[in-house]
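Worksheet: one structure, shown below.
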Amino acid sequence: MPFADLGLSDELLQAVTEAGYTEPTPIQAAAIPPVLMMRDIIGIAQTGTGKTASFVLPMIDILAHGRSRARMPRSLILEPTRELAAQVAENFEKYGANSKLSMALLIGGVSMGDQIKALEKGVDVLIATPGRLMDLFGRGNILLTGCSMLVIDEADRMLDMGFIPDIEEICTKLPKQRQTLLFSATMPAPIKRLADKFLDNPKMIEVARPASTNINITQWLVPVKGSSVDKRDRLRQILAQEEVTNAIVFCNRKTTVRELNKSLKQAGFKSGEIHGDMEQAQRIAELDLFKDGHINILVASDVAARGLDIKGVSTVFNFDAPWHPDDYVHRIGRTGRAGATGTAYTFIAPDDAENVENIEKLTGQKIPRLAMTEATRSTQAETASEQEPARERPRRGGRTRADRTPSAAVDAPVATALVEEAPAVEARAERPARASRRDAPRDARLPRTEERQPRVEPRNEQRHEQRHDARQYREEPDDGGWNGPIPDFLKVVLNRTPIDA
């Protein structure tokens, strides 16, 4: 079915063609006609199926007639993250190139003054995150009484982030007579209650089973020992394969993101990072570098797991097995988008068994294990042999000096050190006691004392002046702790003169 059969305007069809699309995806083909008929919609679709265009395209045609007023947006799109909101804004700019609709983007991390100015001019489409929208609403900078169309995107993600109370409050401030579109990858009970409360006789559109994974994605579980070193070794081995052109590597913690990105850079990979501690401008800059190909590996936390539409991602890595099974679906959905194929690797340690079981239960499929090839084993063995310290070769009889230590409970390196230190101990035992040397005549003690005499280096006067500015030198007293007469040659006195100011 071509886009022309969906009832879109000629101007919009031209923009879609110029963007390089000829046929709609299943969610677009099922959702666009009822949206144009002003029906409420519940869209259940797996990530990467093009659901953003399924509400952006009909919204442009619906809002084509009408005029915006100051501080009163005509439509509202709620997104859980800044990145998703910015992505929807890019879609409006692309598909609305032939329309005269105005748009404003309300997200945190950017100047609020520019957003307020845009609202005062009047906007047709308002794209916002719940936090910034509630902030501006509380300041009196926005009114929602003129909003006739509401889109709640990534509703299950809103639930995970705790935005459902904010969404309920926002819905109470909108006109009751409105069109509401709700899209989600899954349909948990709280989302079902939200839909029952604020949607009017919605049409249910489900193009895939809830929480199912994209059939175009080849999935693998990669068993690892659990240590970060082992994970990094396996990651570098797979990244070196030719079929991995670019990749997103997901971690559960922000500290892991930073450490892994640093490790990959040190290993010679072109990598970047994105996580919640970064400023919005930094995150956008890293995403642009990845999209433009300046870096081909993006290490990310779950802030980037949902909804980001980055074309051509060949591979996704779960460096840490996700704690929530829903996150697995959204993470691997960054590849295999728009009909393309992709591969997803999930590193699993022995203590990840429960997480893997929950993922397989949610997706309804058994994920195959990636067997370690002989080449991989030999590579790891070579790496281990290079990192392992050289061991002493066994002497005749197959025993080392460590094996012949009196105590078998001592570790081999420690025992070797003790054996090597034995001659020095014996040498010290042969030395005469210090008290007996002091009883000897001075002439007899002189050669040995000269040999043990500490070297006195001249001081650097310039350095001394910096450390002891405006201090007066004085001659230090003799050490009163010496048990006997002090030889003349040990009475070293430096000629020190006061430092002039």
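In Å², what does the accessible area per residue of the stretch 109-265 work out to with a 1.4 Å probe? Before the final figure, lay out each step's value.
On the way: 7070 Å² over 157 residues.
Value returned for the stretch 109-265: 45 Å² of accessible area per residue.
Assuming R0 = 60 Å, can you tell me the calculated FRET efficiency for the pair LYS366 and ALA19, based on Cβ-Cβ distance, to the nearest 0.05?
According to the calculation, E is roughly 0.95.
Cut-off under 26 Å on the C-alpha distance; same-chain residues fewer than 8 positions from LYS117 excluded. Which lysines are left, in chain and number order?
LYS94, LYS100, LYS173
With r defined as the distance between the Cβ atoms of MET37 and ALA189 and R0 fixed at 35 Å, what FRET efficiency is calculated, to the nearest 0.05? It would help to have the intermediate numbers written out before the result.
Working: r = 29 Å, r/R0 = 0.83.
So the FRET efficiency works out to roughly 0.75.
Excluding residues fewer than 8 places away in the same chain, name every one of the lysines whose C-alpha is closer than 24 Å to that of LYS361.
Within reach: LYS192, LYS225.
Under a Cβ-only charge scheme (Lys and Arg +1, Asp and Glu -1), can you give me the dipole magnitude of the stretch 149-240 about the Cα centre, in debye to the nearest 20? Intermediate values should be presented prior to the final figure.
Values: 14 positive and 12 negative charges, 55 e Å.
Once rounded to the nearest 20, the dipole reads 260 debye.
Hey, can you find the accessible area per residue of the stretch 36-88 for me, probe 1.4 Å, expressed in square angstrom? Let's see the in-between values first.
Details: 1640 Å² over 53 residues.
Computed with neighbouring chains in place, this is 31 Å² per residue.
Mind checking the full-extension length gain between ARG253 and ALA97? Use 0.36 nm per residue of separation minus the Cα-Cα distance, one decimal, nm.
Values: separation 156, 0.36 × 156 = 56.16 nm, distance 3.96 nm.
Stretched fully, the ARG253-ALA97 segment lengthens by 52.2 nm.
First check a/c for the stretch 239-327, with a ≥ b ≥ c the square roots of the eigenvalues of its C-alpha gyration tensor; if it is under 1.5, answer rounded, and if not, answer prolate when a/b is larger than b/c or oblate otherwise.
The shape class here is rounded.
Accessible area per residue, 1.4 Å probe, Å², for the stretch 276-342: what's the number?
Working: 2400 Å² over 67 residues.
For the stretch 276-342, the solvent-accessible area averages 36 Å² per residue.
Excluding ligands and nucleic acids, what accessible area in Å² is computed for SER301 using a 1.4 Å probe, to the nearest 10?
10 Å²
Which whole-number percent of Cα pairs in the stretch 54-207 have a distance greater than 18 Å?
Values: 6488 of 11781 pairs.
Tail of the P(r) past 18 Å holds 55 percent of the pairs.
Taking the mean number of other Cβ atoms within 10 Å as a proxy for protection, how do you rank 50-62, 191-203 from highest to lowest? Please list the in-between numbers first.
Working: 50-62: 24.0, 191-203: 15.0.
My ranking of the peptides, most packed first, is 50-62, 191-203.
Taking 0.36 nm per residue of sequence separation and subtracting the Cα-Cα distance, how much length would be gained by fully extending the chain between ARG69 and LYS262, in nm to one decimal? Please report the intermediate quantities before stating the final value.
Working: separation 193, 0.36 × 193 = 69.48 nm, distance 4.93 nm.
64.6 nm is the gain from fully extending ARG69 to LYS262.
Just from the alpha-carbon atoms, what are the Rg and Dmax of the stretch 21-89 in angstroms?
For the stretch 21-89, the Cα radius of gyration and maximum Cα-Cα distance read 13.1, 37 Å.
Roughly how many percent of the accessible protein surface of the stretch 131-176 is carbon and sulfur, given a 1.4 Å probe and a whole-percent answer? Provide the component values of the computation, followed by the final result.
Values: 930 of 1840 Å².
Solvent-exposed carbon and sulfur of the stretch 131-176 make up 51 percent of the total.
The values are calculated or read from the model by the stated rules, or taken from the named source; none is laboratory data. Everything numeric in this text was worked out from a predicted model, so none of it was measured. Quick reminder, even Gly has a Cβ in these numbers, built from the backbone with ideal geometry, and neighbours come from all protein chains shown. Protein only, heavy atoms only, side chains kept; ligands, DNA and RNA dropped before computing areas. Shrake-Rupley method; radii C 1.70, N 1.55, O 1.52, S 1.80 Å.
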